[in-house]
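Just so it is clear, none of the values below were taken in a lab; they were calculated from the coordinates. Just so it is clear, the model here is predicted, and its values are computed rather than measured. Glycine gets a Cβ as well: all are built from the backbone with ideal geometry, and neighbour counts include every protein chain shown.
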Amino acid sequence: MRSIRIPQDRVGTLIGVKGETKKMLQKISGIKLDIDTEGEVVMHDEANGTDPLMALKIMDVVKAVGRGFSPDKACRLFEDDEYLEVVDLKEFVGDRSNQLTRIRGRLIGKDGKTRSIIEELTRCSMTVYGNTVALIGNSVSLPVAKHAIELILNGSEHSTVYHYLESQRPKLRIAEMGFDL
């Protein structure tokens, strides 16, 4: 039995309308979920025949929904070679709330432009929620997207980040074709 805590305002998303999302996650994983209104999620993975890897995957899916992803995007984590990466923005700006607001704005960009460019060029899913930015991607694209985010967090200009992403496109295309780098 494992448990994880998610923000209270994400509990409804994890359960879904009439419990549909919860049922879907339980069906895919084969693991029973208990979700309380405070945000405590308990995973009952002690049943015989439960894939131990699935227990870790469902934990990542729950964490991803808690970090702002839609359940559909979070379900990418059930696939092989798909991973969740969560970056704490406070590591870069401390506890200054005005700096957190500014850095979140830089990550998202005007009308979501920066976020969509990172998502498009890396084929990663990205969400900025609370004091974190979270990414879902494969073993090749995830480090590229994470580095782009770290460049922004460290104060690089957006054009520098876009040039970096463009320079990584050939590597990402080769990986998409299924060749190991």
**Report entry** Residue among Glu79, Glu119, Glu40 with the largest mean-square fluctuation in a Gaussian network model of the chain, springs linking Cα atoms under 10 Å
**Finding:** Glu79
Report summary line: Fewest to most Cβ atoms within 10 Å: Lys171, Lys27, Lys22, Lys57 sort as Lys27, Lys171, Lys22, Lys57
Report task. Mind putting a number on the dipole of the chain about its Cα centre? Charges go on the C-beta only, +1 for Lys and Arg and -1 for Asp and Glu, and I need it in Debye to the nearest 20. Result -> 540 debye
Query raised in the report: Among residues other than Ile31 whose Cβ falls under 13 Å from its Cβ, what is the net charge (Lys/Arg +1, Asp/Glu -1)?
Result: +1
Report task. Taking a cut-off of 21 Å between Cα atoms, list the lysines near Lys113, but don't count ones fewer than 8 places away on the same chain. Result -> Lys73, Lys146
Query raised in the report: Build a GNM of the chain with springs between Cα atoms under 10 Å: which of Thr127, Thr101, Thr21 gets the top mean-square fluctuation?
Result: Thr101
Query raised in the report: At Ser97 and Arg2, where each label point lies 7 Å from the Cα along Cα→Cβ, what is the point-to-point distance in nanometres?
Result: 3.4 nm
Query - Ascending count of other beta-carbon atoms within 10 Å, so fewest first, for Phe69, Phe92 - result: Phe92, Phe69
Query raised in the report: Build a GNM of the chain with springs between Cα atoms under 10 Å: which of Ala145, Ala55, Ala64 gets the top mean-square fluctuation?
Result: Ala55
Query - Radius 9 Å from Cβ of Asn131, net charge of other residues (Lys, Arg +1; Asp, Glu -1) - result: +1
**Report entry** Under 5 Å, built H, 5+ apart or other chain: amide partners of Tyr129
**Finding:** Ala134
Query raised in the report: Could you put Ile15, Ile108 in order, starting from the residue whose Cβ has the fewest other Cβ atoms within 10 Å?
Result: Ile108, Ile15
Report summary line: Note to self: C-alpha centroids of segment 134-157 and segment 1-65 sit apart, in Å, by 27 Å
